[in-house]
Amino acid sequence: MRGLSKPLAARILVMLAQAGLVDGTPGPHGGYSLARSPDRILLSEIVSVFQKVEPQERCAYGPGWCGNGNPCPLHDEIVRLEEAHLEFLRKTALSIFVGKEALRSWTDAAIRRDPDPIPPAPPTEKARPDRSHGKRATS
């Protein structure tokens with residue numbers, strides 16, 4: 001996990017395991033894998049492990065403004081945006097972050113009951129372009 005200390009990453013993975021989103025395997029060859037296919041894990045399930053996923057009563061003008069008379073000038077827009085955000089989390093699956101080929105591999109592996117259903121990350125090093133322009137290297 002980028003930029004996270006090992007203890008923090010471990011705590012996050014334990015919380016996700018307790019929520020049933022990942023499975024942990026102890027031991028030298030152990031690790032974590034998704035408990036379900038990425039297309040069956042909603043972003044709202046992940047977010048709810050770390051914060052409330054429900055509308056909150058808050059006002060951009062501070063406490064005591066909305067609810068005491070007329071709502072603030074931003075109230076309706078904030079409510080609309082918050083509802084759109086929550087709806088996005090409820091209807092969007094984790095697979096949005098996975099390429100179609102990786103998702104297909106994961107699903108195929110899960111069907112075969114492969115013990116390591118998460119495909120390896122694609123290589124990050126790009127092939128260097130040929131800049132020789134057809135010339136042979138001389139030594």
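Taking amide H as placed 1.01 Å from N in the peptide plane, the amide H of V22 sits under 5 Å from that of A17, A35, each at least 5 places away or on another chain. For region 13-21, putting each phi into the Karplus relation 6.51 cos²θ - 1.76 cosθ + 1.60 with θ = phi - 60° gives couplings of 5, 5, 4, 5, 5, 5, 7, x, 8 Hz, in residue order, rounded to whole numbers and with x for Gly and Pro.
What the phi angles of region 69-75 give under the Karplus curve with 6.51, -1.76 and 1.60, with θ = phi - 60°, is a coupling list of x, 5, x, 5, x, 9, 3 Hz, glycine and proline written as x. For G31, nonlocal amide neighbours, meaning residues 5 or more places apart or on other chains whose placed amide H falls under 5 Å from its own, are T25. The stretch between I96 and F50 holds 14.6 nm of extra length on full extension. This uses 0.36 nm per residue minus the Cα-Cα distance.
Each reported figure results from applying straightforward, stated rules to the coordinates on display, with no laboratory input. All values derive from a computational prediction rather than experimental measurement.
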